[in-house]
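Below: one structure, written as structure tokens.
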Amino acid sequence: MYQEWKRLHRGGIKPFQESVVPLHQRTRCFRVYCSSVVPGLLQTHPYATALLSAISTIQGTPNNAADAATARPDRSRVIYEGDHRFVLLAEEAVLRYCIGDTAVMAGQLGKLLELMSLPSVAFGIIPLTAERTIWPLETFRVFDTERVLVETPSAEIAICRPSEIAVYAKAFGRLKELAVSGAPARALIRGGYVFRQERDAVYGAVWGGYAARVTVGVLDS
């Protein structure tokens, strides 16, 4: 089933977030692959707010990002409750993309380190240097063997045909083979934080030099 986000989010993102809670509650095994953002179940409130605000802007739908981000804990509570298992994969680039600002990303990376220690969560990161046997794909989520949800910029695609679900399960298995977990994954997360610090230091030096030149030019004019 193909459904445009504009239709799903016509009343804002928060009602949609609330509508998927039952699916999360009845799912026992979650398999999630993200190539561009942190998996939703692991997002902090500031990260989710920044991301959902950007999504609303692109979609042209009501922007209630802060409320929608507040509603996410209801969906994410399954990580801590019940008999659920989460196998979550992300590309290493996700750790370096700046959603929000440096403080938001620092908090998000810290949260990943915290959540990946939960017994119900298996979090893997696919290194940038991995020798690819499968290319980076669009974000998708597999809910048991019931359905797959694929996200595009304009729509969500719900796949329920067993033969198609099997293709995504196979792709997920290939991606999982490329991922690292445990100590190597934690090192990549910490590397993402160091990357942010180094990037900000470089940008700060460049911008500071530019500002100084502009100031001198103004004073000399």
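The values are calculated or read from the model by the stated rules, or taken from the named source; none is laboratory data. Keep in mind that what you see is a predicted model, and the values were worked out from it rather than measured. Neighbour counts are summed over all protein chains in view; Cβ atoms, including those assigned to glycine, are modelled from backbone coordinates with ideal geometry. In case anyone asks, the SASA skips ligands and DNA or RNA and just uses the protein heavy atoms, side chains included. Shrake-Rupley method; radii C 1.70, N 1.55, O 1.52, S 1.80 Å.
Side notes on the structure shown:
- Every listed requirement among (1) touching an Asp or Glu at 6+ places or on another chain (Cβ under 7 Å); (2) crowded, with 18+ Cβ neighbours inside 10 Å is met by Ala69 save one, (1).
- Check on Glu138, acidic (Asp, Glu), over 13 Å from the mean Cα position of the chain (by Cα) and in a loop (DSSP other than H, G, I, E, B): no
- Considering the range 200-220, the residues that are modelled with pLDDT under 70 and charged (D, E, K, R) include one that is farthest from Glu114 (Cα to Cα), namely Asp220.
- Of the residues making up the range 113-152, just one is surrounded by 17 or more Cβ atoms within 10 Å (Cβ to Cβ) and hydroxyl-bearing (Ser, Thr, Tyr), namely Thr139.
- Members of the range 32-47 found to be open to solvent by 10 Å² or more (accessible area, probe 1.4 Å) and either hydroxyl-bearing (Ser, Thr, Tyr) or on the phi > 0 side of the Ramachandran plot (or both), listed by number: Ser35, Ser36, Thr44
- Evaluation of Ala103 against (1) touching a residue at least 60 places away in the same chain (Cβ under 8 Å); (2) assigned to a helix (DSSP H, G or I) (one fails), failing number: (1)
- Residue count for the range 24-40, restricted to those that are in contact with an Asp or Glu (Cβ under 7 Å, 6 or more places away or on another chain) and over 16 Å from Val150 (Cα atoms): 3
- From Ala155, Ala130, residue being of a type in the set (Gly, Ala, Ser) and either closer than 30 Å to Gly60 by Cβ or modelled with pLDDT under 95 (or both): Ala155
- Every residue from the range 72-97 that is under 16 Å from the mean Cα position of the chain (by Cα), open to solvent by 50 Å² or more (accessible area, probe 1.4 Å) and under 25 Å from Ala155 (Cα atoms): Pro73, Tyr97
- Counted as qualifying within the range 1-93 are the strands (runs of 3 or more DSSP E) with 1 or more residues that are among the basic types (Lys, Arg) and modelled with pLDDT of 90 or more, namely 29-34, 85-91.
- Of all residues making up the range 114-128, the number that are touching a helix residue (DSSP H, G or I) at 6+ places or on another chain (Cβ under 6 Å) and in a helix (DSSP H, G or I): 1
- Qualifying residue in the range 158-179 (condition: part of a loop (DSSP other than H, G, I, E, B), closer than 18 Å to Leu88 by Cβ and either open to solvent by 20 Å² or more (accessible area, probe 1.4 Å) or out of contact with any strand residue (DSSP E or B) (no Cβ under 8 Å at 6 or more places or on another chain) (or both)): yes
- Check on Arg196, open to solvent by less than 20 Å² (accessible area, probe 1.4 Å), of a type outside the set (Asp, Glu) and either farther than 30 Å from Asp83 by Cβ or modelled with pLDDT under 85 (or both): yes
- Output for the range 14-31, where each listed residue is hydrophobic (A, V, I, L, M, F, W, C) and open to solvent by 10 Å² or more (accessible area, probe 1.4 Å): Phe16, Val20, Val21, Leu23, Cys29
- Among the residues making up the range 141-152, those that are assigned to a loop (DSSP other than H, G, I, E, B) and under 20 Å from Thr27 (Cβ atoms) are Asp144, Thr145, Glu146.
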